[in-house]
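Enquirer: Quick one: the structure is below, questions incoming.
The values are calculated or read from the model by the stated rules, or taken from the named source; none is laboratory data. Quantities reported herein were computed from a predicted structural model and do not represent experimental measurements. Every residue, glycine among them, receives a Cβ derived from its backbone with ideal geometry; neighbour counts consider all protein chains shown.
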Amino acid sequence: MSEAVENVKSLIIGSGPAGYTAAIYAARADLKPVMYQGMQPGGQLTITTEVDNFPGYPDGAEGPKMMEDMQRQAKRFGADVRWGEITDVDFSQRPFTCKADDGKTIVAETVIIATGASAMWLGLDSEKEYNGGGVSACATCDGFFYKGLDVAVVGGGDTACEEAAYLANMCNKVYMIVRRDELRASKAMQHRVRNNPKIEILWNHNTKEIVGEKAGFNKAVNGAILINNKTNEEKRINISGFFLAIGHKPNSDLFKGQLDLDKVGYIKTVPGSAKTNIPGVFAAGDIQDTVYRQAITAAGSGCMAAIESERFLGENE
């Protein structure tokens with residue numbers, strides 16, 4: 001049986017706000033985009049309960065529902081949205097050859113990468129159990145729901161300090177759970193959290209378990225059990241929110257050796273654009289965003305990638 005080969009103008013690898021927005025714009029430009037959604041269609045917002053900071057949703061929206069809406073909008077304009085993932089890419093010459101797990105070989109004139117980044121987790125069963133019920137990997141996204149309450153942030157780098165400072169503006173108290181006896185953050189960020197009366201740093205502590213209450217499908221964090229690394233003593237803190245800030249892993253393994261990546265693995269783009277080092281290959285969303293990592297900025301970069309893809313095709317026809 002011969003291998004199925006399909007020629008397309010625009011291939012979008014990954015979904016989420018960046019991928020779906022790119023699909024909307026590419027479809028409206030009559031590029032007839034083909035999207036492979038990846039193993040987590042909709043990206044990180046599908047594991048977020050409420051999204052309150054995306055313009056146009058005055059009453060907020062559930063993350064999965066928002067991603068369904070974006071997907072429907074992309075399909076409305078003719079985007080070919082497919083379940084599955086791209087498993088191999090060859091960017092050595094254009095058109096680009098990409099293989100999908102459905103057995104098809106996609107030969108694409110342009111490629112938009114929107115594979116995102118995955119939050120790093122501690123690996124606790126209770127962490128998964130209360131994900132969306134008090135456990136979050138984005139203070140900017142979910143901090144508002146804990147206004148006036150006590151919360152905890154895990155981590156000791158710049159991101160953890162930024163999130164702790166952000167949460168301290170609205171929460172009653174913020175615990176910083178730091179596994180070492182020092183912070184890895186910049187001196188400016190260290191000064192910011194050390195001098196905030198609402199932030200208490202718990203040095204030399206690891207999280208043993210997140211605890212809470214469950215009633216049917218409803219679940220809510222009400223505490224965390226910590227272990228002191230030096231004394232092995234256990235300690236419970238009473239909190240309503242537990243925020244992970246130990247880093248993100250960009251989903252870029254597929255592109256190693258093909259595209260320029262930074263030392264962490266984020267795809268490098270030309271500043272102010274979605275262009276990579278390979279003409280005709282663009283990157284949008286969290287796969288190239290080391291700073292903001294918000295749904296709205298991901299959507300904006302998806303728009304940029306699609307417009308630049310359209311212009312690239314116009315210039316190279």
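Enquirer: So Ile239 passes all but one of these: (1) in a loop (DSSP other than H, G, I, E, B); (2) modelled with pLDDT under 95. Which condition number does it fail?
Expert: Failing condition for Ile239: (2).
Enquirer: Output the number of the condition that Ala298 fails; it satisfies all remaining conditions of (1) under 25 Å from the mean Cα position of the chain (by Cα); (2) surrounded by 14 or more Cβ atoms within 10 Å (Cβ to Cβ); (3) farther than 23 Å from Gln44 by Cα; (4) not assigned by TED's automatic domain parsing to the domain that holds Cys141.
Expert: Only one criterion is unmet by Ala298, namely (3).
Enquirer: Still on this structure, I have one more. Quick check on Val51: is it over 29 Å from Ala245 (Cα atoms) and surrounded by 14 or more Cβ atoms within 10 Å (Cβ to Cβ)?
Expert: Answer is no for this residue.
Enquirer: Can you find, within segment 126-161, the residue that is farthest from Leu202 (Cα to Cα) among those that are modelled with pLDDT of 90 or more and of a type in the set (Val, Ile, Thr)?
Expert: Within segment 126-161, the match that is farthest from Leu202 (Cα to Cα) is Val135.
Enquirer: While we're on this one: Of Pro271, Pro279, which residue is under 23 Å from Cys98 (Cα atoms) and either buried (at least 18 other Cβ atoms within 10 Å of the Cβ) or more than 12 Å from the chain's Cα centre (by Cα) (or both)?
Expert: Just one listed residue meets the conditions, Pro279.
Enquirer: For segment 88-187, which strands (runs of 3 or more DSSP E) that fit wholly inside it have 1 or more residues that are more than 30 Å from Ala23 (Cβ to Cβ) and not assigned by TED's automatic domain parsing to the domain that holds Phe255? Can you show your working first?
Expert: Numbers: elements: 96-100, 105-113, 117-119, 150-154, 173-177.
Passing ranges, in order: 150-154, 173-177.
Enquirer: A further question follows. Identify, by number, the condition in (1) in contact with a Leu (Cβ under 8 Å, 6 or more places away or on another chain); (2) farther than 22 Å from Val264 by Cα; (3) hydroxyl-bearing (Ser, Thr, Tyr) that Tyr166 doesn't meet.
Expert: (1)
Enquirer: Can you confirm whether segment 29-40 contains a residue that is surrounded by fewer than 17 Cβ atoms within 10 Å (Cβ to Cβ), part of a strand (DSSP E or B) and either free of Cβ contacts under 8 Å to residues at least 40 places away in the same chain or under 19 Å from the mean Cα position of the chain (by Cα) (or both)?
Expert: Scanning segment 29-40, I find no residue that is surrounded by fewer than 17 Cβ atoms within 10 Å (Cβ to Cβ), part of a strand (DSSP E or B) and either free of Cβ contacts under 8 Å to residues at least 40 places away in the same chain or under 19 Å from the mean Cα position of the chain (by Cα) (or both), so the answer is no.
Enquirer: Of everything in segment 196-228, what is outside any strand (DSSP E or B) and modelled with pLDDT under 95? Give them in sequence order.
Expert: Passing the criteria: Gly216, Phe217.
Enquirer: Another one. Which residue out of Gly148, Gly84, Gly155 is in contact with a strand residue (DSSP E or B) (Cβ under 8 Å, 6 or more places away or on another chain), surrounded by fewer than 17 Cβ atoms within 10 Å (Cβ to Cβ) and among the small types (Gly, Ala, Ser)?
Expert: It is Gly84.
Enquirer: Now a separate question. Go through segment 229-246 and report how many residues are exposed (fewer than 15 other Cβ atoms within 10 Å of the Cβ) and either in contact with an Asp or Glu (Cβ under 8 Å, 6 or more places away or on another chain) or not assigned by TED's automatic domain parsing to the domain that holds Asp181 (or both).
Expert: Number of matching residues: 1.
Enquirer: I want to confirm something. Restricting to segment 193-243 and keeping residues that are without any contact (Cβ under 8 Å) to a residue 60 or more places away in the chain and touching a helix residue (DSSP H, G or I) at 6+ places or on another chain (Cβ under 6 Å), which single residue is farthest from Asp125 (Cα to Cα)?
Expert: Asn196
Enquirer: Any idea which of Tyr57, Tyr25, Tyr20, Tyr36 is aromatic (Phe, Trp, Tyr) and more than 16 Å from Ala299 (Cα to Cα)?
Expert: From the options Tyr57, Tyr25, Tyr20, Tyr36, the qualifying one is Tyr36.
Enquirer: Can you report the number of residues in segment 113-148 which are closer than 30 Å to Thr87 by Cα and aromatic (Phe, Trp, Tyr)?
Expert: Qualifying residue count for the region: 1.
Enquirer: Need the failing condition index for Met66 against (1) within 17 Å of Ala27 (Cβ to Cβ); (2) assigned to a helix (DSSP H, G or I); (3) aliphatic (A, V, I, L, M), just the number.
Expert: Exception for Met66: condition (1).
Enquirer: Within segment 110-120, work out how many residues are surrounded by fewer than 17 Cβ atoms within 10 Å (Cβ to Cβ) and either farther than 18 Å from Ala224 by Cβ or at pLDDT 90 or above (or both). Spell out how you get there, then give the answer.
Expert: Going through segment 110-120, the residues surrounded by fewer than 17 Cβ atoms within 10 Å (Cβ to Cβ) turn out to be 118, 120.
From what is left, the residues that are either farther than 18 Å from Ala224 by Cβ or at pLDDT 90 or above (or both) are 118.
Count: 1.
Enquirer: Against the definition (part of a helix (DSSP H, G or I) and of a type outside the set (A, V, I, L, M)), how does Lys75 come out, yes or no?
Expert: Taking the combined requirement at face value, the residue satisfies it.
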